[in-house]
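Novice: One structure follows; several queries about it will come next.
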Amino acid sequence: MVVLWLKSGLNSPVHVYRHGQDDPFTQHQDYRARTELFKDEMTKGNISLRIKNVRKFDEGRYTCSVEDRTDSKHSTVELQVLGLGSEPRIQMKGYHGDGIQLVCKSSGWYPEPEILWFGEDERVLEQAETRSHEDSGLINVESSVGVTRQSANGFKCLVRNRQLRIQYEANIKISGL
């Protein structure tokens with residue numbers, strides 16, 4: 001039996017199993033030592049591929065091909081890579097005009113999340129400035145907003161990823177603003 005896992009766009013296989021063992025020499029270099037089959041499950045028909053240390057590069061369409069002396073079967077799956085980031089942290093960065101500048105940070109997301117500021121009245125603070133940068137394939141976001149005495153004294157930073165259906169929030173209360 002030969003089990004072959006291929007990924008669209010690559011010129012060599014992601015994983016090859018033949019003659020009762022893995023064949024790492026024909027495997028794409030980016031997948032060496034990162035893939036394995038569930039050998040205990042193969043007799044039950046499970047030829048699932050495990051990819052370790054998943055990264056953005058792994059996202060895509062995979063085709064599994066199984067051939068034996070009498071038959072061959074193919075199946076295709078789509079792998080979507082998502083990174084769940086850290087809970088946000090709010091810092092006071094100092095004075096900003098007649099108020100204080102607040103900064104909200106969260107790291108380790110993929111794809112890039114949305115980041116919003118709210119006042120105590122649950123209205124979005126439109127004047128927020130948001131930046132992001134990529135670090136090892138993951139996205140770090142930072143948003144800052146200037147708040148004044150007229151704003152209120154409670155603020156919320158919300159970081160959300162719609163694909164993951166996840167959102168985190170951080171709150172801060174400032175007295176004597």
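Novice: Would you mind checking which residues have amide H under 5 Å from Ile166's amide H? H placed 1.01 Å from N; only 5 or more apart, or other chain.
Specialist: Asn161
Novice: What shape does segment 2-79 have by the C-alpha gyration tensor, where a ≥ b ≥ c are the square roots of the eigenvalues, rounded means a/c under 1.5, and otherwise prolate means a/b greater than b/c and oblate the rest?
Specialist: prolate
Novice: So, one more: Pairs Lys52/Lys73; Lys7/Lys39; Lys105/Lys156; Lys7/Lys73; Lys93/Lys173; Lys44/Lys73: which are spaced more than 19 Å apart, C-alpha to C-alpha?
Specialist: Distance filter (> 19 Å) returns Lys52/Lys73; Lys7/Lys39.
Novice: Note down the Stokes-Einstein diffusion coefficient of the chain in µm²/s, whole number, using a Kirkwood radius over alpha carbon pairs, 4 °C, and 1.567 mPa s.
Specialist: 66
Novice: Ok, one more. How about the chain: what cysteines have no other cysteine beta carbon under 4.7 Å from their own?
Specialist: Cys64
Novice: Rounded to whole Å and ordered largest first, report the semi-axes of the equivalent ellipsoid of segment 38-92 derived from its Cα gyration tensor (root of 5λ).
Specialist: Three semi-axes, in Å: 37, 13, 7.
Novice: Still on this model: If we count other beta carbons within 10 Å of each Cβ, what is the order of Ser106, Ser132, Ser48, Ser144, fewest first?
Specialist: Fewest-to-most ranking of Ser106, Ser132, Ser48, Ser144: Ser48, Ser132, Ser144, Ser106.
Novice: Still on this model: Would you mind calculating the relative contact order of the chain from Cα pairs under 8 angstrom and at least 6 residues apart, reporting the percent as a whole number?
Specialist: About 16 percent, as a whole number.
Novice: Quickly rank 50-61, 154-165 as a protection proxy: mean count of other C-beta atoms within 10 Å, highest first.
Specialist: With the highest mean Cβ count within 10 Å placed first, the list reads 154-165, 50-61.
Novice: Taking 0.36 nm per residue of separation and subtracting the Cα-Cα distance, what length does fully extending Val103 through Phe38 add?
Specialist: Result for the pair: 18.8 nm of gain on full extension.
Here, each number is a calculation from the coordinates, and none is a lab measurement. Quick caveat, the model's predicted, so the values are computed rather than measured. Neighbour counts run over all protein chains shown; Cβ positions are idealised from the backbone, glycine included.
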